[in-house]
Amino acid sequence: MMRMMGRVMGRQSWTLSLCISGFLLSSGSVVSGQVAIKGRQVHTMEGAVIENGVVVIRDGKISAVGRADRVQIPAGFRVLEASVVTPGLIDAHSTVGFSGIFNHQHDQDQLERSAPVQPQLRAIDAYNPREKLIDWVRSFGVTTLHTGHAPGELISGQTMVVKTRGDTVSEAVMVEAMAVAATLSQSARKSKDKSPGSRGKMMAMLRAELIKAGEYLEKIENAEEDKKPSRDLKLESLGRVLRQEAPLMVTAYRAQDIASALRLGREFDLRLWLDGASESYLLIDEIKAAGVPVILHPTMMRSVREQENASFETAGILRAAGIPVTLQSGYESYVPKTRVVLFEAGIAAANGLGFEGALSVITIDAAQILGIGDRVGSLAVGKDGDVALYDGDPFEYTTHCIGVVIEGEIVYDGSR
Amino acid sequence: MKIVLTLGIAWVSICGTLYAQSQTHAFLNARIIPISGDDIERGTLLVRDGKIVAVGGSDGVDVPAEAVRVDARGKTIMPGLICTHSHLGGIGGADGSAPIQPDVRVYDSINVHDSGFKRAWAGGLTTLNIMPGSGHLLSGQTVYVKLRGGARQIEDFFLRDAEGRVMGGMKMANGTNSMRKSPFPGTRGKSAALVRERYIKAQEYRDKIVRADGDPEKMPERDIGLEGLVEVLEGTRVVHYHTHRHDDIMTILRLREEFGFRVVLHHVSEGWKVAEEIAKAGVPCSVILVDSPGGKLEAVNLVYKTGGVLERAGVQVAFHTDDWITDSRLFFRMPALAVRAGMSRAAGLRSVTLAGAEMLDLSDRIGSLEVGKDADFILLSGDPFSVYTKVLETWVEGEKVFDRSDAKDRLYAVGGYGAGADSEPYFCCFDDGEN
């Protein structure tokens, strides 16, 4: 069906509509086409699957969802159809837009190696909204990306949340400053006489930085006007972590490193996200007790080195234990340059997570963990009109994504 | 002569211990995908002494009284999968000393206990072409192995030809992987020149041997590298050529024309741009399909449709895991994603079985379920191209080597604590592996 509909609005005319909308709306969100999407199965993620359902999007927001015989499609709305309709998918941790397709120095902005602790690096200053891999992941139904500085340094920088569209970062951005990314794994270890050179030193450095940031906050709040410290971008960023305004996302794989992350979280009362976490199945009780969500490694991550004990079943195990869990495409240094979170969820679906569970972790669960559940993650009235259309079970290898809609705009027509 | 004889005896005794399965097994009521013929909705597979003795519809196969009967109702049986390009076993081929090293045999570096082989079984793989990396113009001799159970040394994995020779190909690569500072080439032109010079040497070496006509006085000094290249020139050793870009593919077709070697193109990311040329040359392709394009300039134009485009042009197409680039446990993903992008289902199924067998000169022994072929087969819980399907059992030469219902085997199939500790491959001169 989608293949037969009119041509998707070209980039040029789209840009035009963005300009107009930018003029009309100070928020920068986009006034878009009026669209209704009919599905043989509509997975709203807000209760039971709707058979023969319809989602109506007006001015970029969902204005109605329900059975086709009960929801009126307003006159003049473009109508799309698919066998399976889901919310636009959310990739809960990616480096797309930072780590470019060419893998040459000029398109690799995911990691700054000049110092081990650089929480001041803002994601918005490095995101390339015209990166080809954004279009690539979008063509599988991904509409929201939590992306930014990659794991690899003790503190690599900040992350952000974007929609997979827009020609400028301000058009793409949903959350400018999301998490601060920390790493407790081999990749943060330095060689020879540089720090951190050991696991113990990594923790010592993180603790020292957070203590310094605490003192900085204290001074700013309590010092007399003329004695206030001068601005320190690094400590400001860590201050947001200490105030729980930004989560500290700690990438760790081995159980011992996950335990260290939890220890750090307890000491400084942080809002912690565990990232990677391939041995998290060994610490179910501890993670649950800490109330920490897990942004689990790609299901198909190569199981080598620190990741050697990764399991296809971890997502299913964590979810069954009641731990908030979501999936990610992660960072890839070589080939493929990015994974696709839909595929990662598919393998998890087939290995204990099940269809509903797998769809949840890359839609509503991801939205809730990232704190953007008021806008995305499910098909509910008032939320953003972000929808993915498939010609069958989205997780099946042979199923096609036949359309993607972001805030009412058809951004992919299944032509790839 | 004496050496050959000793090897022969050793070979017979190894085969004797490894696949002495005199019991007859009958798998009943299965959906059978023989590859060589139409699917059988309800059929019987009969195996004995490591060979297939009967395959057909349930009505057409007589099951002997002594056979162990296995009810495979609801399950699918198809040939064991063949991976035409794998790096399992902690391989280490050519080192950093030179760009062309045909003297190096990859089988001198393989750890048969590597957990990667257990994962390969869990993915339904029974035969591999294990290769050194692609960081050289020529990184050494590859080895075709059968993943038999109970292997203690690489000899237990060997496949031998009619003369008892260990089967394998020659790994070559062009494009950027093999370009770096001297003595490696810095450009594509130099890459081809170095290769041509070496093959011309091999031609001269071969001609000297021919002229010597068995006279030891006139024989050239032995050169084990040139010996390997002579096998390539004579067509007994197939070249497995890593290549991505369309112009690099054309360079290989040109070299093949000049030296007359038999070649399989590997990866072939831009094969869709020169499908007609590849078809005209009659050269088979072993394709890789990864989740996204990019990661290196040469793979920026990688697309899922390559398999289908080549198929329609009339090219023989296989896929390969390139493990650890992709995971052997998930090999079915690749033909399935190719089918998603337009390849026929039949060619998709063939691409991981009989097509691979043909590329490795093994189609008389493996790749399909036919009477007289090796009893290498897998039991699946459902359709091979469904994400939800599991490999339940893997059999090699009549012996069950993987059983998902066994806790230890299952650990390797899904992963978990203790599943790791496999040896990493050695890829000369790369930081992040190879492709």
Exercise for review: Starting from the stretch A:195-224, take each residue that is outside the structural domain of A:L184 (by TED's automatic domain parsing) and list its partners that are among the aliphatic types (A, V, I, L, M) and surrounded by fewer than 19 Cβ atoms within 10 Å (Cβ to Cβ), counting only C-beta distances under 9 angstrom and pairs at least six apart or across chains.
Suggested key: none
Exercise for review: Filter the stretch A:67-93 for residues that are out of contact with any His (no Cβ under 8 Å at 6 or more places or on another chain) and β-branched (V, I, T) and give the result.
Suggested key: A:V71, A:I73, A:V79
Review point. Would you say A:R165 is in contact with a strand residue (DSSP E or B) (Cβ under 8 Å, 6 or more places away or on another chain), within 30 Å of A:V404 (Cβ to Cβ) and in the same structural domain as A:S139 (by TED's automatic domain parsing)?
Key: yes
**Study point:** Single residue of the stretch A:327-340 satisfying the filter (within 26 Å of A:L389 (Cβ to Cβ) and at the interface with chain B (Cβ under 10 Å from one of its Cβ atoms)) that is farthest from the chain's Cα centre (by Cα)
**Key:** A:P336
Review point. Would you pick out the residues in the stretch B:169-204 that are assigned to a loop (DSSP other than H, G, I, E, B) and out of contact with any helix residue (DSSP H, G or I) (no Cβ under 7 Å at 6 or more places or on another chain)?
Key: B:G169, B:R180, B:K181, B:S182, B:P183, B:G186, B:T187
Point to revise | Single match in B:T126, B:T142 (criterion: within 30 Å of B:I40 (Cα to Cα), hydroxyl-bearing (S, T, Y) and in contact (Cβ under 8 Å) with a residue 24 or more places away in the chain) | key: B:T126
Exercise for review: Please go through the stretch B:213-271 and pick out each residue that is touching a Cys at 6+ places or on another chain (Cβ under 9 Å) and either of a type in the set (K, R) or under 21 Å from B:D161 (Cα atoms) (or both).
Suggested key: B:V264
Check your understanding: Within the stretch A:261-274, is even one residue in contact with a strand residue (DSSP E or B) (Cβ under 9 Å, 6 or more places away or on another chain) and within 14 Å of chain B (Cβ to nearest Cβ)?
Key -> no
**Study point:** Criterion: in contact with a Leu (Cβ under 6 Å, 6 or more places away or on another chain) and away from every other protein chain (no Cβ under 14 Å) - qualifying residue of A:V162, A:V169
**Key:** A:V162
**Study point:** Extreme residue, surrounded by the most Cβ atoms within 10 Å (Cβ to Cβ), among residues of the stretch A:290-307 that are part of a loop (DSSP other than H, G, I, E, B) and at pLDDT 95 or above
**Key:** A:T299
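The rows are residues; the columns are (1) more than 14 Å from every other protein chain (Cβ to nearest Cβ); (2) touching a helix residue (DSSP H, G or I) at 6+ places or on another chain (Cβ under 6 Å); (3) in contact (Cβ under 8 Å) with a residue 24 or more places away in the chain.
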| position | (1), (2), (3) |
| --- | --- |
| A:S230 | yes, no, no |
| A:L233 | yes, no, yes |
| A:Y281 | no, yes, yes |
| A:V304 | no, no, no |
| A:P324 | yes, yes, yes |
Point to revise | The listed residue being more than 7 Å from every other protein chain (Cβ to nearest Cβ) and either outside any loop (DSSP other than H, G, I, E, B) or of a type outside the set (S, T, N, Q) (or both), out of A:A345, A:A350 | key: A:A345
Check your understanding: Counting only residues that are of a type in the set (D, E, K, R) and either surrounded by fewer than 17 Cβ atoms within 10 Å (Cβ to Cβ) or in contact with a strand residue (DSSP E or B) (Cβ under 9 Å, 6 or more places away or on another chain) (or both), how many does the stretch A:182-200 have?
Key -> 4
Check your understanding: If you check A:I317 against the conditions, is it surrounded by fewer than 20 Cβ atoms within 10 Å (Cβ to Cβ), in the same structural domain as A:V96 (by TED's automatic domain parsing) and modelled with pLDDT of 95 or more?
Key -> yes
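Residue-wise test of (1) of a type in the set (G, A, S); (2) within 27 Å of A:T299 (Cβ to Cβ); (3) at pLDDT 95 or above; (4) surrounded by fewer than 19 Cβ atoms within 10 Å (Cβ to Cβ).
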| position | (1), (2), (3), (4) |
| --- | --- |
| A:D91 | no, yes, yes, no |
| A:S94 | yes, yes, yes, no |
| A:Q110 | no, yes, yes, no |
| A:A115 | yes, no, yes, yes |
| A:Q120 | no, no, yes, yes |
| A:W136 | no, yes, yes, no |
| A:G148 | yes, yes, yes, no |
Check your understanding: Can you find a residue in the stretch A:152-161 that is among the aliphatic types (A, V, I, L, M) and over 26 Å from A:L327 (Cβ atoms)?
Key -> no
Check your understanding: Within the stretch A:394-415, how many residues turn out to be away from chain B (no Cβ under 14 Å) and either closer than 21 Å to B:V303 by Cβ or polar (S, T, N, Q) (or both)?
Key -> 5
Check your understanding: Applying the selection to the stretch A:83-130, what residues are free of Cβ contacts under 8 Å to residues at least 60 places away in the same chain, in a loop (DSSP other than H, G, I, E, B) and within 10 Å of chain B (Cβ to nearest Cβ)?
Key -> A:F102, A:H104
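The values are calculated or read from the model by the stated rules, or taken from the named source; none is laboratory data. Not measured: the values here are computed from a predicted model. With ideal geometry, Cβ positions are generated from the backbone for all residues, glycine too; neighbour counts draw on all protein chains shown.
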